[in-house]
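Data block below; observations after.
The values are calculated or read from the model by the stated rules, or taken from the named source; none is laboratory data. Nothing here was measured: the structure is a model prediction, and the numbers come from that model. A quick note on method: Cβ atoms are made from the backbone with ideal geometry, for glycine too, and the neighbour counts reach across all protein chains shown.
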Amino acid sequence: MTINKNAIGTQTTLEIIGRLDTTTSPELEAAVDACFADTQTLILDFHGLEYISSAGLRVLLKAQKGMAQKGSMKVLNVNETIMEVFEITGFSDILTIE
């Protein structure tokens, strides 16, 4: 998995490329945690995300809860496979997906 970070003011975009699973989810969790201090809007760009596991969903839930207290979080460019996982798990009701 590759994470590209782009911060402009209080908005941070994390572009996620590859697979978000048990092996790679700690890397995303660390990247999200590092953003909490100075980010009011967190954008997760999934245009290159191929797969997400339950470990990846846990990281998203933690990020959503953290950002809800201080700002907002959006998920962009979700492909059909990932969207199906979000719909089955109910994450489509929790996350702001554009």
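Residues in the stretch 24-52 that are over 22 Å from residue 84 (Cα atoms) and of a type in the set (Ser, Thr, Tyr): 39, 41. Can you spot a residue in the stretch 76-94 that is of a type in the set (Gly, Ala, Ser) and touching a helix residue (DSSP H, G or I) at 6+ places or on another chain (Cβ under 7 Å)? Among the residues of the stretch 76-94, at least one is of a type in the set (Gly, Ala, Ser) and touching a helix residue (DSSP H, G or I) at 6+ places or on another chain (Cβ under 7 Å), which makes the answer yes.
Okay, residues lined up against (1) loosely packed, with under 12 Cβ neighbours inside 10 Å; (2) under 21 Å from residue 72 (Cβ atoms):
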{"position": "2", "(1), (2)": "yes, no"}
{"position": "6", "(1), (2)": "yes, yes"}
{"position": "17", "(1), (2)": "no, no"}
{"position": "21", "(1), (2)": "no, no"}
{"position": "32", "(1), (2)": "no, yes"}
{"position": "36", "(1), (2)": "no, yes"}
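Within the stretch 77-98, the residues that satisfy the criterion of being touching a residue at least 24 places away in the same chain (Cβ under 8 Å) and touching a Phe, Trp or Tyr at 6+ places or on another chain (Cβ under 9 Å) are 77, 78, 79, 81, 82, 85, 94, 95.
Can we say residue 70 is surrounded by 12 or more Cβ atoms within 10 Å (Cβ to Cβ) and modelled with pLDDT under 95? Yes; evaluated as a whole, the condition is true for this residue.
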